[in-house]
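Data first, discussion second: the structure below is written as structure tokens.
Read-outs: derived from the displayed coordinates by stated rules, not from any lab. Treat the numbers as computed from the prediction; the structure is a model and nothing was measured. We place every Cβ from the backbone using ideal geometry, glycine too, and count neighbours over all the protein chains shown.
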Amino acid sequence: MSQSAEKVLDHFDLFRQPEYVEMFEDKKSNFEAPHPQEKVTGIVEWTKTWEYREKNFAREALTVNPAKACQPLGAVFAAVGFESTLPFVHGSQGCVAYYRSHFSRHFKEPSSCVSSSMTEDAAVFGGLNNMIDGLANAYNMYKPKMIAVSTTCMAEVIGDDLNAFIKTSKEKGSVPAEFDVPFAHTPAFVGSHITGYDNALKGILTHFWDGKAGTTEALVRQPNDKINFIGGFDGYTVGNLREVKRIFDLMGVSYTILGDNSEVWDTPADGEFRMYDGGTTLEEAANAVHAKATVSMQEYCTEKTLPMIAEHGHEVAAFNHPVGVEATDKFLMEVSRLTGKAIPEALAKERGRLVDAIADSSAHIHGKKFALYGDPDMCLGLAAFLLELGAEPTHILATNGNKEWGAKVQAMLDASPFGKNCHVYPGKDLWHMRSLLYTEPVDFLIGNTYGKYLQRDTGTPLIRIGFPIFDRHHHHRYPVWGYQGGLNVLVWILDKIFEEIDRNTIVPAKTDYSFDIIR
Amino acid sequence: MDALSKKVQEVFDEPACGKNQGKSEKERKKGCTKQLQPGAAAGGCAFDGAKIALQPITDVAHLVHGPIACEGNSWDNRGAKSSGSRLYRTGFTTDINELDVVYGGEKRLYKSVKEIIDKYDPPAIFVYQTCVTALIGDDIEAVCKAASQKFGKPVIPVNAPGFVGSKNLGNKLAGEALLDHVIGTQEPDYLTPYDINIIGEYNLAGELWQVKPLLDEMGVRILSCISGDAKYREVAYSHRAKAAMMVCSKAMINIARKMEERYEIPFFEGSFYGITDMSDSLRQIAKLLVDKGAPDELLARTERIIAREEARFWQRMEPFKDRLKGIKVLLITGGVKSWSVVAALQEVGMEIVGTSVKKSTLEDKQKIKELMGEDAHMIEDMTPREMYKMLKDAQADIMLSGGRSQFVALKAKMPWLDINQERHHAYAGYEGMVKLVEEIDNSLHNPVWEQVRKPAPWDNPFLEVMAAPGSLSPALEAAA
């Protein structure tokens, strides 16, 4: 046997050993009653056809390989951006374990979050007791400065009323009466993680600005010169927020980042465990009401939050995950207009460098076809950048994008000669993408880690940009916003293009006549 | 006078060089290479010239005798493609150290040759002299001779240390090395009346392969290409060809001329760039072969191929004509013959506003004048600053040049296309011309140029005007 106690083989090698290969073969032919190989191959080939694509797109009920996550994930993302804040998800604990592992796998950091651990009896009698006990335990065990409550589907289905529950819990002494417990209802059967982000952020701001659920007076806005900045749900939050702060500091803008999770998801290895780190202070969150304006980097992540802020008298501006020269120009111009601060020479230089880098490499990206999927804002931002580079974003797909989003993308495509043969697919999933890649092949695919299955099936090389990225490390530490961020995205795209050229020419004595050192 | 100076002198006095013929005896003695101006940016050295001329010979080991700098910086830096061996891409150097400088590097060189033979057993080894080893007096010719005898294998000295002169001189010294030690040393298995040499073609980006199918169709055999995609043996028996085509006008003229003298192989200067030149070259090849005894019907066959290919080319050009008409091009080329590219671009309706003639011969310049008119803007030697200015003043829409000028073009916000040795697209032949035009079209219409030419939006007063109508300054209002 190839497997022995002296030399135990791991999974990479074990089943490649002849005994196993033979055993699987035997098992298959003798016991599995398999279809003939030609039939299997035939079906595989058939899934690559236009006929299959039409059937695939005619799907009405089933979603296969969705490119989206649930609301509470977004709620947790927003909550950890505030100082010493413990996200508390009212509902079943299994969901919460998912959020924690999801973030840990992406950010390579511990991710603290608790649930009210509702069980069957809670589902029957309501989750009030779980809330009362849960808040008390979390408060005493983890010493947070704030607990931000959101919900899983279970609590939503039985109709638990967070406002009332939290009030009762405070009356029962779970947490002190003045302790901040903002909340948001975040059912996963509505919207996606970006909706949850929106709801949770709105819940937190409403809590501080509008009288903490009727327990104090609402704040009276006394406008100052600051601006608020909201990043939205963003896998590059660590790098992006640091970059945005650097840009604002260079411009001399006074600002408040609402939901700054760049510290808690990038803590140093110095022997100390930081359950909480950095974040928008509660005072800053409250005082943010006085700002003269609020900027959101992701329109579809702040569909409810921004109007709420506007109602408080702010001027608001929303962007769609700006990437590249023109998008960053617009962002900086708007910040400059809102704050009256000039754009300094240092940023003008960075801009020139990005333009220079794009020009240096333009020939390699020009005319290349890309398929792209991700959150609606990111799709818009990256597609605009691709158009700027002279690439053709042939398929643009967002499972959590709606028809209005689709129309917005289409308008952008129509405005560019490079968008002529491109199509937008709101509400579709990655199995749809698979058909698209087979029937209308592209040169590269941009998406998150789950795109690797599409790469495996269709052979389309995957450029990993998005959330989550589980199988490549540390990209979240690099910004994709600002001119510096645009440079990073450019480099990632180029790296893949050159890797592909190398891959196609690397076979010794066969294709390596074009395996060149200069590209 | 030592052997090297004699060789250099001889190469300078090239009778087939038009420029040389016009000189007085004294001038001729001084040599055709302009003395480099200390402090001014310059091109490559003689070593580099020799190395790039011979490096495309694919199955030999190219051993650089010198400190790491020479091979370290030149290792595999050209896109000369091979259909067979990849040995030419392996970087071999003696990488001499301080002690070698003191005690001499000949022993190390000899051992290196031995180790190459033991490990790789190539059909030949080319040994390149460099500045340091030449200065300390290493006699590579003696070492090569001893090694050849000892190991029974050609070990070819390429005596072109960097300090003797320019890259172009190095090209010629490389040619001399082939003439002295390689050409005529072997015999081909069989001969045909259709055997030709192509001299000065390096198969960059596989260009030779774009031309070869047409030669195949004509029934012409490339007996030897010097040196693109060449095998040692092919170069060694190249003296049996019936005729030769000389591709790069200045690099290897000495090879073509001496082969004509020694082996009676007539040659013509031609180019694979551009439609007229390509067709002319095919015609000339056929004509020379027929003159040397090939059957007459080759001429008619060639004409049929030319007619078909030209028709196909113009048909493929249709979609570009509107897009490229009147586009102004600045052409800065090194090795590629300027005039051949000029003709090619004019054929698709583009306008050449200037071309470099740094390495062009008198004859080349005459051809450029014929093509571009008497007041052709010929640039003898352009500094990056001048180049920048010319581009910046928007006298051109696009620059075609080698990789080193790319960055000047970009800083001047000008579309740019690589047509030198580092390019990845083959532009030779009818097929290559389509590719070149496609690439120019792509480059011109890349959206980045719009971005490059636009100032940052905050630098643009008109943007503010647009953003806030009614806020025109009095001056602007008057202008409006």
Subject >> Compactness index (Cα Rg / 2.2 N^0.38 Å), region A:374-485 >> reply: 1.03
Subject >> Fraction of antiparallel bridges per DSSP, the protein assembly as shown only, in percent to nearest 5 >> reply: 5
Original post:
Going by alpha carbons, how many degrees (0 to 90, nearest 10) lie between the helix axis of A:93-107 and the longest principal axis of chain A?
Top reply: 70
**OP:** Please report A:ILE446, B:ILE156, A:ILE43 as a ranked list, fewest other C-beta atoms within 10 angstrom at the top and most at the bottom.
**Re:** A:ILE43, B:ILE156, A:ILE446
Subject >> Percent of C-alpha pairs per 10 Å bin, region A:320-422, short to long >> reply: 15, 41, 31, 13, 0
**OP:** Treating the angle as unsigned and between 0 and 90°, give the value, to the nearest 10°, between the Cα long axis of helix A:345-365 and the longest Cα principal axis of chain A.
**Re:** 20
Subject >> Kirkwood-based Rg to Rh ratio, chain A, C-alpha trace >> reply: 1.01
Subject >> region A:227-345, relative contact order in percent, only Cα pairs under 8 angstrom and at least six apart counted >> reply: 28
Subject >> Debye-sum result for the protein assembly as shown in log10 I(q)/I(0), which assumes one identical scatterer on each alpha carbon, at q = 0.07 Å⁻¹ >> reply: -0.79
Original post:
Which of A:THR47, B:PRO15, B:THR93 sits farthest toward the positive end of the charge dipole of the protein assembly as shown, with +1 on the Cβ of Lys and Arg and -1 on the Cβ of Asp and Glu?
Top reply: B:PRO15
Original post:
So what does the Cα-only Debye profile of region A:27-120 read at q = 0.12, 0.13, 0.25 Å⁻¹, as log10 I(q)/I(0), no solvent term?
Top reply: -0.68, -0.71, -1.29
**OP:** Report, in degrees rounded to the nearest 10, the 0 to 90 angle that the Cα long axis of helix A:376-388 makes with the longest principal axis of chain A.
**Re:** 60
Original post:
Which of the lysines could a cross-linker bridge to A:LYS428, judged by Cα under 17 Å and excluding same-chain residues fewer than eight apart?
Top reply: A:LYS55, A:LYS68, A:LYS403, A:LYS408
**OP:** Would you order A:ASP512, B:ASP95 from fewest to most other beta-carbon atoms within 10 Å of each residue's own beta-carbon?
**Re:** A:ASP512, B:ASP95
Original post:
Mind checking the log10 I(q)/I(0) for region A:213-286 at q = 0.15, 0.16, 0.23, 0.25 Å⁻¹? Debye, one equal scatterer per Cα, no solvent, two decimals.
Top reply: -0.65, -0.72, -1.12, -1.21
Original post:
Can you pick out the pairs among B:LYS389/B:LYS454; B:LYS7/B:LYS367; A:LYS108/A:LYS368; B:LYS167/B:LYS392; B:LYS6/B:LYS258; B:LYS325/B:LYS413 whose Cα atoms lie more than 24 Å from each other?
Top reply: B:LYS7/B:LYS367; A:LYS108/A:LYS368; B:LYS167/B:LYS392
Original post:
Where nothing but the Cβ of Lys and Arg (+1) and of Asp and Glu (-1) is charged, how large is the charge dipole of region A:409-510 around its Cα centre, in debye to the nearest 20?
Top reply: 200
Subject >> Reciprocal mean inverse distance between Cα atoms of region B:41-181 - Kirkwood radius, Å >> reply: 14.8
Original post:
For region B:222-322, what are the per-bin percents of Cα-Cα distances with bins 10 Å wide, up to the bin holding the maximum?
Top reply: 14, 39, 31, 12, 3, 0
**OP:** Would you work out the charge dipole size for region A:270-428 about its Cα centre, treating the Cβ of every Lys and Arg as +1 and the Cβ of every Asp and Glu as -1, and quote it to the nearest 20 debye?
**Re:** 560
Original post:
Tell me, B:LEU179, B:LEU135 in order of fewest to most beta-carbon neighbours within 10 Å?
Top reply: B:LEU135, B:LEU179
Original post:
Under a straight-distance cross-link criterion of Cα-Cα below 19 Å, which lysines are reachable from B:LYS212, leaving out those fewer than 8 residues away in the same chain?
Top reply: B:LYS81, B:LYS231, B:LYS242, B:LYS287, B:LYS435
Original post:
How big is the charge dipole of region A:71-214 about its Cα centre, in debye rounded to the nearest 20, if each Lys and Arg gets +1 on its Cβ and each Asp and Glu gets -1 on its Cβ?
Top reply: 380
Original post:
Out of A:LEU73, A:HIS185, A:THR168, whose Cα points farthest toward the positive end of the dipole of region A:71-214 (charges: +1 Lys, Arg; -1 Asp, Glu; placed on Cβ)?
Top reply: A:LEU73
Subject >> Set of lysines near A:LYS292 by C-alpha distance (under 17 Å), chain-local residues within fewer than 8 positions excluded >> reply: A:LYS226, A:LYS341
Subject >> Farthest positive-ward along chain A dipole, Cα basis, beta-carbon charges - from A:HIS102, A:ALA61, A:ILE501 >> reply: A:ILE501
Subject >> Rel. contact order, % - alpha carbon contacts under 8 angstrom, at least six apart, chain A >> reply: 16
**OP:** Show me A:325-332, B:185-192 ranked by packing, highest mean number of other Cβ atoms within 10 Å first.
**Re:** A:325-332, B:185-192
Subject >> Calculated [θ] (222 nm, deg cm²/dmol) that DSSP helices of n ≥ 4 give over the protein assembly as shown, each run adding -39,500 (n - 2.57) >> reply: -14500 deg cm²/dmol
